[in-house]
Amino acid sequence: MTPNKFGPYAKTKINRAGYLDILNIIPVPAEDNDVSYEITAAYHHRPDLLAYDLYGKKELWWVFAQRNLDVIKDPIYDFTAGTQIYLPKLSNLTKTIGV
């Protein structure tokens, strides 16, 4: 088994028993051109839908939590309508995590 190359565990190794090793966090740094965004009701508790609509890959749901660590502690239940977050541009994700 290998982790999804776009998922949050992409850089985490798999041990000899076939289990994920210690999490190797993929940072999503703040950039000057990140877009301020208020989560709408359509994306309430659904970062996967927003990731698909923005980046074409639902597996990138985790980048919102990594980019907004001060706002989103739980990547699903803190992803609520009315919450103000920053959205990384796809060009920034391509540069930093190789999307």
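Values in this text are rule-based calculations from the coordinates and carry no lab data. On a predicted model such as this, the values are computed, not experimentally measured, just so you know. Virtual Cβ from ideal backbone geometry, glycine too; neighbours counted across all protein chains shown.
Could you go through the stretch 78-95 in sequence order and give the Karplus-derived ³J(HN,Hα) for each residue, using 6.51 cos²θ - 1.76 cosθ + 1.60 with θ = phi - 60°, rounded to whole Hz, and x for Gly and Pro?
Here the 3J(HN,Hα) series is 8, 8, 10, 4, x, 6, 8, 9, 10, 9, x, 6, 4, 4, 5, 5, 4, 5 Hz.
Rg and Dmax in Å for the chain, alpha carbons only: what are they?
My reading of the Cα-based Rg and Dmax gives 13.8, 44 Å.
Any idea what the dipole of the chain comes to, in debye rounded to 20, about its Cα centre with Lys/Arg Cβ at +1 and Asp/Glu Cβ at -1? Mind showing how you got there, number by number?
Working: 11 positive and 11 negative charges, 104 e Å.
With only Lys, Arg, Asp and Glu charged at Cβ, the dipole is about 500 debye.
Once amide H atoms are built 1.01 Å from N in the peptide plane, which residues 5 or more positions from ILE14, or in another chain, come under 5 Å H to H?
Placed amide hydrogens put ASP21 under 5 Å from ILE14.
Run lengths n ≥ 4 of DSSP H only: what is the helix-derived mean residue ellipticity at 222 nm for the chain, with -39500 (n - 2.57) per run over all residues, to the nearest 500? Each step should come with its number before you reach the end.
Values: 3 runs with 23 residues, N = 99.
Computed mean residue ellipticity for the chain: -6000 deg cm²/dmol.
Relative contact order for the chain: what percent, with Cα pairs under 8 Å and sequence separation of 6 or more? List each step's numbers first, then the result.
On the way: 154 pairs, mean separation 29.5, N = 99.
Rounded, it is 30 percent for the chain.
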